[in-house]
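The values are calculated or read from the model by the stated rules, or taken from the named source; none is laboratory data. None of these values were measured; they are calculated from a predicted model. Note that each Cβ is placed from the backbone with ideal geometry, even for glycine, and that neighbours are counted across all protein chains shown.
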Amino acid sequence: MLRPFSVKWLAMLALVLSPAVASGQGTPAQTHTVRPGDTLWDLAKQYRGDPFLWPDLYRMNTAVVEDPHWIYPGEMLQLSGDETVAAVPAVDTPEPPAVTESQGAQAAVADSEVLSRSEAQPSSESVARTDSAVAEPEPPVEEPAPVRQASLAELTAHAPDNEMAPLFGTPRSNTLEESIQAYTRKEYRPLRRSEFYSSGFLTEKQDLPWAKVVGPVTPSQIGGSVDNDVMPYRLVAIDAPRGATYQIGDTLLLARRSADWGKYGEVVLPTGLARVVDTVSGRYIASVVALYGPIRPGQAALPVEKFTPAGSEHAVAVSDGIRGKFLGGPGRQDLKAPQMVAFIDKGREDGVAPGDIFEIRRKAERLDNGRQLIGEPLAVMQIVHVRGHTATGRLINILLPDIAPGTEVRQVAKLPS
């Protein structure tokens, strides 16, 4: 006799619908290292099969991701919780024992005897129900209640008991409710540690104590690729500059030194952070703890500056703020994009501090071709790193992307001191 539905078919269906198997991955990934261009929306689609499940990824990574709209290269994201649920039972459900002809005949005789007794002697309960139905009039028909639009709280409430539970994991409504609460209760931070270390700066012609990245320590535990030779938690060897020593636990900034900008010095483009864990034959061994770009042999290393959190206060508007000049970004491209790094020619000595808000404004003037330009804001940037005479900012709002070096910048707000 054919079984109406087998657990084996359920297992095959689960395997077909599994995002990990459909994408060719034998075992679902447990973590993901953020690369340039990644978003929680894309990662939810890649690993969960549904981009609308991005709040679930954010809820599991609130210790790393401070704002779900911005995730940064090098951040390690968890893709699954601590508890795992088996998608398919390891042992198939056994088939029911076969019933012989003699057993089937005995069961049929027993059922007929029970039926005949129930027809011959109706129970007192059924008689009472019949009497009450005759004695009492029918209740009046009530008007249906008006239709009311459901609230967000009701939509995210737990499913009723009679609703079919999902095959795997918790009900989706519960997960959505927890994700919304985690997002709305997130503490505001005007400055983030990852922005401070990954944005870079101008050297201002200073002679900094540069070390040298020798390369990955062999034997390699994680295979590298052409685009990214060093992965997180990989060990790298570093040669300290002459006369300098590091201690176990010191953190170093790994970076590329770009073209010289004249009096502003070289552009330092961070590629990651590495923590010193050992010394071997006069060289320091460091573990990569953050990744901002490709780490390659020959890059430079420098002891990190101390990051001081700015609390949770919002910037306060200022009427007559500092004025300076927009120097441009590391790539010197004219078209700017949100979260792009850019530099200005004012720094600590001029009163600029981390968290300051600057407007990039076009100067009102008449061009040689007769066109009249009006003075208007082009973009807004927040300062994330400050040196003596220059500062690094990130563009947080862009009105017109065509911003050329030399455009005026004006301080419009600063954090309370």
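Return only the number of the condition from (1) in a helix (DSSP H, G or I); (2) at pLDDT below 85 that Ala157 does not satisfy. Ala157 satisfies every listed condition except (1). The set of residues in the stretch 255-279 that are of a type in the set (A, V, I, L, M, F, W, C), closer than 22 Å to Gly393 by Cβ and touching a residue at least 40 places away in the same chain (Cβ under 8 Å) comprises Ala255, Trp261, Val267, Val268, Leu269, Leu273.
Looking across the stretch 272-288, the residues that are farther than 14 Å from Arg234 by Cα and either touching a Phe, Trp or Tyr at 6+ places or on another chain (Cβ under 9 Å) or small (Gly, Ala, Ser) (or both) come down to Thr279, Ser281, Gly282. The residue pairs whose first member lies in the stretch 39-54 and is surrounded by 14 or more Cβ atoms within 10 Å (Cβ to Cβ), whose second member is of a type in the set (D, E, K, R), and whose beta carbons are closer than 8 Å, counting only pairs six or more residues apart or on different chains, are Ala44/Asp50; Ala44/Asp56; Arg48/Asp56; Pro51/Asp42; Pro51/Lys45. Residues of the stretch 56-65 that are surrounded by fewer than 19 Cβ atoms within 10 Å (Cβ to Cβ) and in contact (Cβ under 8 Å) with a residue 60 or more places away in the chain: Thr62 alone.
Polar (S, T, N, Q) and touching a Pro at 6+ places or on another chain (Cβ under 7 Å): which single residue out of Ser281, Ser312, Ser258, Ser319 fits that description? Please lay out each step first, then the result.
Numbers: Ser281 fails: touching a Pro at 6+ places or on another chain (Cβ under 7 Å); Ser312 fails: touching a Pro at 6+ places or on another chain (Cβ under 7 Å); Ser319 fails: touching a Pro at 6+ places or on another chain (Cβ under 7 Å).
It is Ser258.
Only one of Asp278, Asp368, Asp320, Asp345 is closer than 21 Å to Glu408 by Cα and surrounded by 12 or more Cβ atoms within 10 Å (Cβ to Cβ); which? Let's see the steps before the verdict.
Values: Asp278 fails: closer than 21 Å to Glu408 by Cα; Asp368 fails: surrounded by 12 or more Cβ atoms within 10 Å (Cβ to Cβ); Asp320 fails: surrounded by 12 or more Cβ atoms within 10 Å (Cβ to Cβ).
Step by step, each of Asp278, Asp368, Asp320, Asp345 is checked, and only Asp345 is closer than 21 Å to Glu408 by Cα and surrounded by 12 or more Cβ atoms within 10 Å (Cβ to Cβ).
Contact map, the stretch 390-417: first residue within 20 Å of Phe201 (Cβ to Cβ), second residue of a type in the set (Ser, Thr, Tyr) and not in a loop (DSSP other than H, G, I, E, B), Cβ cut-off under 8 Å, separation 6 or more or different chains; pairs are Thr390/Tyr264.
Scanning the stretch 264-307 for residues that are in a strand (DSSP E or B) and either under 23 Å from Tyr72 (Cα atoms) or of a type outside the set (Phe, Trp, Tyr) (or both) yields a total of 27.
Would you point out the residue of the stretch 281-330, among those that are under 30 Å from Ala240 (Cα atoms) and of a type in the set (Ser, Thr, Tyr), that is modelled with the lowest pLDDT? Looking at the filtered set, the residue picked out is Ser281.
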